[in-house]
Amino acid sequence: MDTVFIEQFTPLYAKALWLVLKLCFWGSFFSLIIGLCCAVVRYFRLPILRRIAGVYIDLSRNTPLMIQLFFLYFGLSRVGIKFESWTCAVIGMSFLGGSYMAEAFRGGLEAIGKAQIEAGLSIGLSYPQVVRYVILPQALAVSIPSLGANVIFLLKETSVVSIVALADLMYVAKDLIGLYYKTNEALFMLVVAYLIILLPISILLYIVERRLRFAGFGH
């Protein structure tokens, strides 16, 4: 193992790691918004919107992120719609993640019994207030484990955004291997970089899940 090589290119991996974190943050943020909206329109069976959400979820879950990125970056440019690499990556991550977040939220919403809705209405809350103060908080708590797993899933999926010329961790590793033929060192730093991101997130999500379970939300 060439420690000099590792020390020399650690800053390059650090820069790529920061890019992956930002990409995961924005992708997860927009995924949560999209997922919540889709879950709500399907849960409350809103006629046209429910069908649109269903088509979107089926399309998103059954096409790889790589194909989606190719379409955004290369396909749309053929018809005059051009996005930068970063924009394509965020849109692609959000499009893919939104469908998984929607299913996680839907599971949480369906876990809320009708008796709680009726109880909320019986004490004088309006239906929008029941949704806001009774249904959504509990559904979110129940959905936390699935939402956390989806965040980790999206973080791993960032490894394919290099196909749109975005200098993520995988892009840096492949570039260094091609230039210097230091395969072991480049892959070692790649694994370490992902562990630096994934382990703290996994531990944090585990702590949040345990606290919610002890608080009585997970049942």
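Odds and ends about this structure:
- Selection of region 160-177 for residues being without any contact (Cβ under 8 Å) to a residue 24 or more places away in the chain and surrounded by fewer than 21 Cβ atoms within 10 Å (Cβ to Cβ) yields M170, K174, D175, I177.
- Near pairs, Cβ below 9 angstrom, 6+ apart or cross-chain, from region 20-31 (surrounded by 18 or more Cβ atoms within 10 Å (Cβ to Cβ)) to any residue that is not in a helix (DSSP H, G or I): V20/D168; L23/L166; L23/D168
- Considered as a group, the residues in region 157-209 that are among the hydroxyl-bearing types (S, T, Y) and within 18 Å of the chain's Cα centre (by Cα) include one that is farthest from I91 (Cα to Cα), and that residue is Y206.
- Failed item, numbered, when Y180 is tested on (1) surrounded by 16 or more Cβ atoms within 10 Å (Cβ to Cβ); (2) within 25 Å of W18 (Cα to Cα): (1)
- Of all residues in region 50-88, those satisfying the criterion of being of a type in the set (G, A, S) and farther than 20 Å from A149 by Cα are A53, G54, G75, S77, G80, S85.
- Helices (runs of 4 or more DSSP H) fully within region 1-76 counting 3 or more residues that are of a type in the set (S, T, Y): 3-43
Taken together, the values in this text are just the output of simple stated rules run on the coordinates, not laboratory data. Being a predicted model, the structure only gives us computed values, none of them experimental. As a convention, Cβ positions derive from the backbone with ideal geometry for all residues, glycine included, and neighbour counts pool all protein chains shown.
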